1. Where in segment A:192-272 are there helices (runs of 4 or more DSSP H), lying fully within it, with 3 or more residues that are touching a residue at least 40 places away in the same chain (Cβ under 8 Å) and small (Gly, Ala, Ser)?
2. Out of B:39, B:19, report the one residue that is touching a strand residue (DSSP E or B) at 6+ places or on another chain (Cβ under 6 Å), β-branched (Val, Ile, Thr) and either outside any loop (DSSP other than H, G, I, E, B) or at pLDDT 95 or above (or both).
3. Out of A:15, A:30, A:26, which single residue is small (Gly, Ala, Ser), surrounded by fewer than 19 Cβ atoms within 10 Å (Cβ to Cβ) and more than 14 Å from chain B (Cβ to nearest Cβ)?
4. Quick one: residue B:96 ticks every box in (1) among the charged types (D, E, K, R); (2) more than 10 Å from chain A (Cβ to nearest Cβ); (3) within 21 Å of residue A:63 (Cβ to Cβ) except a single one, so which number is it?
5. Does residue B:200 satisfy the criteria of being facing chain A (nearest Cβ under 9 Å) and either closer than 14 Å to residue A:123 by Cα or at pLDDT 95 or above (or both)?
6. Of the numbered conditions (1) away from every other protein chain (no Cβ under 14 Å); (2) touching a Cys at 6+ places or on another chain (Cβ under 7 Å); (3) not acidic (Asp, Glu), residue A:58 fails exactly one; give the number of that condition.
7. Go through segment B:100-117 and give me each residue that's at the interface with another protein chain (Cβ under 9 Å from one of its Cβ atoms) and not in a loop (DSSP other than H, G, I, E, B).
8. Inspect all residues belonging to segment A:135-154 and state whether any of them is assigned to a strand (DSSP E or B), closer than 25 Å to residue B:209 by Cβ and of a type in the set (Val, Ile, Thr).
There are 2 protein chains.
Amino acid sequence: MNRKELFEQIKSKQSYLCIGLDTDLSKIPSHLLQAEDPIFEFNKAIINATSDLCVAYKPNLAFYESQGSKGWRSLEKTMEIIPRNIFTIADAKRGDIGNTSTLYAQAFFKQMNFDSVTVAPYMGIDSVKPFLAFENRWVILLALTSNEGANDFQFNQQEGGGMLFQDVMRKAQTWGHPDQLMFVCGATQAEQFEKLRAMAPDSFFLVPGVGAQGGDLATISRLGMNKYCGLLVNSSRQIIYASKGKDFAEAAREEALKVQQEMSGLLAELIL
Amino acid sequence: MNRKELFEQIKSKQSYLCIGLDTDLSKIPSHLLQAEDPIFEFNKAIINATSDLCVAYKPNLAFYESQGSKGWRSLEKTMEIIPRNIFTIADAKRGDIGNTSTLYAQAFFKQMNFDSVTVAPYMGIDSVKPFLAFENRWVILLALTSNEGANDFQFNQQEGGGMLFQDVMRKAQTWGHPDQLMFVCGATQAEQFEKLRAMAPDSFFLVPGVGAQGGDLATISRLGMNKYCGLLVNSSRQIIYASKGKDFAEAAREEALKVQQEMSGLLAELIL
């Protein structure tokens, strides 16, 4: 999916919601545990209940890998049923030397047909570029993350000016353009959002950290939206675990609907 | 495996060789492609031919993930046949927020029984600590990598002194001790090796980049060895793809033997 198509989806659905498929056997409704593939059954129900309200799904690879090859198979089956007009994000945070990153790109873009993959910047240019060689596929590069540990290195002042996350954003934009490169910018970093947007005015940001982690949707939308929206705001636990009962899919839909309605209002206020 | 046991293995085998299982369907002997699981058959033959000459095996996850759930299964089967007195490294370069890193740790330490996993530092403390909670399991944290892109951020001068990789090594040693934390230090960074060793005198270093990438075994051994050896030097392509014929396992053994003999000499010269 290219940037124009993504913006069309956002306008059509009045939503820039990304739903995180962080599917955890210890948190899904117990009646699903009888199924042959409970993770897939859960995802299928969540996708059927919410696909008209979100523009992206983001499976977090750790949740699948923790179940071994069976979990990886659940993810493959999940990818087969996500409607093709929904942007898909492999939240994998990969990054390795060039020939290895090429194989990760094959894993996510070819084997599983993801639109995008999250990538860690520490290993630099040759860890990122192989992902950018795939047409209409995206790198979503970690810039400023939503977690406590973001304070350890990302804010480090670099001699010559700026913080590490700013150096990452500056250099990465010499490797790829806004039609193939997004940045992860945590919603808990609201005080940095104007700076983030100023550094990458045309780029989409994937924004985790709204909800359970404490970020505020309206605040980051007002600070971060650009004229193509430029935001994919993720919510995982708050939506997919809204209920542990047999009504889990309906409950997830209700939560997603609340977020979509707030987003619709923010889009009207800010750009449409 | 703990640090003492690892050093015992090194002394007993006169080797600090780690063999990288970067198993690629396009590079393995063609006669194996008829097998039901060619990746596993290749790994099995390599392991049988080399397990007395190396102290560690390091499967690179990208090679398995690029084959989808089938590749993940090949890796699970490979882990089942690696002798338990050999240290195992999941070269996965993971790193995510705390609850996600916990799941990655489960994937590698519980599901697949790896001794260690490589971890990227960009997301800081809560991306690393969950791996350190597993007894006798190891984090191998990226410090100074062997690739071109190492120059993009890792050498950045930090205000207040030192380069980014030094800040990573300094902070990480407040999170974990040398019995659970190693560092990745590329063999192509020989001019930094004294600095690296001075920063972490007791830690093991996983050293990629000897061979195909241009690093020199004797040089980095003389600069980097400590009294417990403190080095695991990786070789992948040079050993496992020594021949594309039916003699591939014997050819791999011959290459591994050459490295082991050089290591035996270096151990005698430097510490034993």
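1. Where helices (runs of 4 or more DSSP H) fall fully within segment A:192-272 and carry at least 3 residues being touching a residue at least 40 places away in the same chain (Cβ under 8 Å) and small (Gly, Ala, Ser), they are A:248-270.
2. Just a single option satisfies the conditions, and that option is B:19.
3. A:30
4. With (1) among the charged types (D, E, K, R); (2) more than 10 Å from chain A (Cβ to nearest Cβ); (3) within 21 Å of residue A:63 (Cβ to Cβ) applied to residue B:96, the lone miss is (2).
5. no
6. (1)
7. Of everything in segment B:100-117, those that are at the interface with another protein chain (Cβ under 9 Å from one of its Cβ atoms) and not in a loop (DSSP other than H, G, I, E, B) turn out to be B:100, B:101, B:102, B:103, B:104, B:105, B:106, B:107, B:108, B:110, B:111.
8. Looking through segment A:135-154, at least one residue is assigned to a strand (DSSP E or B), closer than 25 Å to residue B:209 by Cβ and of a type in the set (Val, Ile, Thr).
The values are calculated or read from the model by the stated rules, or taken from the named source; none is laboratory data. If you're wondering where the values come from, they're calculated on a predicted model, not measured in any experiment. No Cβ is skipped: glycine too gets one built from the backbone with ideal geometry, and neighbour counts run over all protein chains shown.
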